[in-house]
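What follows is one structure encoded as structure tokens, with my remarks underneath.
The values are calculated or read from the model by the stated rules, or taken from the named source; none is laboratory data. Predicted, not measured: the structure shown is a model, and the values here were computed from it. Backbone-built Cβ (ideal geometry, glycine too); neighbour counts: all protein chains shown. For the accessible areas, the whole protein counts, side chains as well, though only heavy atoms, and no ligand, DNA or RNA atoms are used. Shrake-Rupley method; radii C 1.70, N 1.55, O 1.52, S 1.80 Å.
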Amino acid sequence: QVQLVESGGGLVQPGGSLNLSCAASGNSFSIYVMGWYRQAPGKQREMVASITPVDRTNYADSVKGRFTISRDNAKKEVYLQMNALKPEDTAVYYCSATALIRSWGQGTQVTVSS
């Protein structure tokens, strides 16, 4: 089972940018569909973006054009570049790795506030 560690969260003003990283341990990173999810207080966890082993990406409508997911198989890392951040992007962001089962990281807090 893959283990995931997120980093890069923090406090940013509206309109600002953050770049989240997720480092994976274990073998066979390149076969996983990697994803970013988020969960705001009182809300269900939702998919933000995903990327397949062949770099096919998918985004939630709410982040299209603002967020970009990418992966580096050699480094076993996945990234989420977040631009034009809005207060409604405030949430705990989780990295996921899916093959036969889905593994989760511990999450990193992103707060967008002036």
Residue-span extension gain [Q81 to R45] - 0.36 nm each, minus C-alpha spacing: 11.0 nm
Heavy-atom surface of region 1-44, accessible at 1.4 Å and reported per residue (Å²): 55 Å²
Unit charges on C-beta of K, R, D, E only; dipole of region 6-114, Debye: 120 debye
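Which of the trypsin sites (Lys or Arg not before Pro) found in region 43-96 are in a DSSP loop and have at most 13 neighbouring Cβ atoms, other than their own, within 10 Å? Each step should come with its number before you reach the end.
Details: sites: K43, R45, R56, K64, R66, R71, K75, K76; in loops: K43, R45, R56, K64, R66, K75, K76.
Hits after loop and neighbour filter: K43, R56, K64, K75.
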Full-extension gain in nm, S70 to S30, via 0.36 nm per residue minus C-alpha separation: 13.2 nm
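So for region 1-96, averaging the separation of alpha carbon pairs under 8 Å that are six or more residues apart and normalising by length, what relative contact order in percent results?
35 percent
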D89 accessible area, assembled protein chains, probe 1.4 Å, Å²: 0 Å²
